[in-house]
Amino acid sequence: MRIVIFVILTIILSSGCNSGKIKTLEAEHQAKKEQLSLVQEQLEIQQSTNASLLGTLSELSVINKVEAQSIQSSLESIIKQNAYIRNLTDRIHEKDSINFVLVSNLKRSLDDFYDEDIAVEVRGSAVYISIADKMLFQTASASVSPRAFEILGKVAKVINDHDQMEVMVEGHTDNVPIANSSYEDNWDLSVSRATAVVRLLQERFDVHPGRLTAAGRASYQPKSVNNSDFGRSLNRRTEIIIKPKLDQF
């Protein structure tokens with residue numbers, strides 16, 4: 001009888017101990033489950049972050065590629081521009097050198113004429129030879145005077161030595177209206193004088209006509225004011241302009 005009671009007590013006590021262990025294990029299991037859920041949640045967040053970073057890196061890669069192509073294109077454009085600028089600078093230096101030689105040769109050729117009657121200078125890209133009307137023409141006329149042959153012959157020699165240049169002849173007057181029946185107005189006189197010089201350069205001094213241009217300015221590009229005899233005398237002039245051909249630039 002005592003043995004039966006002992007066995008029953010042992011089973012009861014053993015059952016109580018197992019129940020406590022089970023509760024402990026259940027609690028631990030629940031904690032692990034919660035930890036696992038938290039880890040899974042963090043893993044999902046990390047995966048989402050990684051995916052976002054990968055997408056950003058991919059976009060940056062595309063942007064960098066586009067930027068690299070843009071930079072390369074810009075560099076090629078700069079290289080071409082620099083080459084163009086160097087070429088243009090060389091051509092300008094060449095033109096300046098030619099103009100220097102032209103001015104030197106013209107001044108040497110025309111050295112025996114009075115400086116106020118003939119002026120040689122560089123303006124912009126061209127060489128200007130300004131000749132007073134009394135050196136070339138009869139008063140109020142486009143008829144060439146005997147003295148003009150000597151002057152224009154010397155100028156023509158320099159022009160023919162530089163056959164890559166173009167030549168424009170411009171007639172200029174003062175603002176006093178023309179007072180004879182041979183010319184309608186100062187426009188007519190200035191153009192007629194320019195044409196007379198061009199014709200002489202071509203026919204007597206063998207300057208190629210394809211290089212020549214005749215133009216009249218009348219009184220509208222004066223060198224001085226027209227309120228004195230001296231000022232008006234400066235404005236009555238013929239300008240021979242020697243300049244590079246446009247297609248060279």
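The values are calculated or read from the model by the stated rules, or taken from the named source; none is laboratory data. Predicted model, so just to flag it, every value in this text is computed and none were measured. When we count neighbours, we look across all protein chains shown, and the Cβ atoms used for this are built from the backbone with ideal geometry, even at glycine. Just so you know, the surface numbers come from the protein's heavy atoms only, side chains and all, with ligands and any DNA or RNA stripped out. Shrake-Rupley method; radii C 1.70, N 1.55, O 1.52, S 1.80 Å.
General remarks:
- Check on residue 64, at pLDDT below 75 and of a type outside the set (Val, Ile, Thr): yes
- Any hit, the range 83-101, residues being open to solvent by 70 Å² or more (accessible area, probe 1.4 Å), assigned to a loop (DSSP other than H, G, I, E, B) and more than 21 Å from residue 242 (Cα to Cα): no
- Test result for residue 199, modelled with pLDDT of 90 or more, under 19 Å from residue 131 (Cα atoms) and basic (Lys, Arg): yes
- Looking only at residues of the range 93-129 that are of a type in the set (Gly, Ala, Ser) and closer than 23 Å to residue 164 by Cβ, we find that the one that is modelled with the highest pLDDT is 126.
- If you go through the range 125-139 and keep only what is outside any strand (DSSP E or B) and either open to solvent by less than 70 Å² (accessible area, probe 1.4 Å) or in contact with a helix residue (DSSP H, G or I) (Cβ under 9 Å, 6 or more places away or on another chain) (or both), you end up with 125, 133, 134, 135, 136, 139.
- Residue 22 open to solvent by less than 100 Å² (accessible area, probe 1.4 Å), farther than 30 Å from residue 165 by Cβ, modelled with pLDDT under 65 and more than 51 Å from the chain's Cα centre (by Cα): yes
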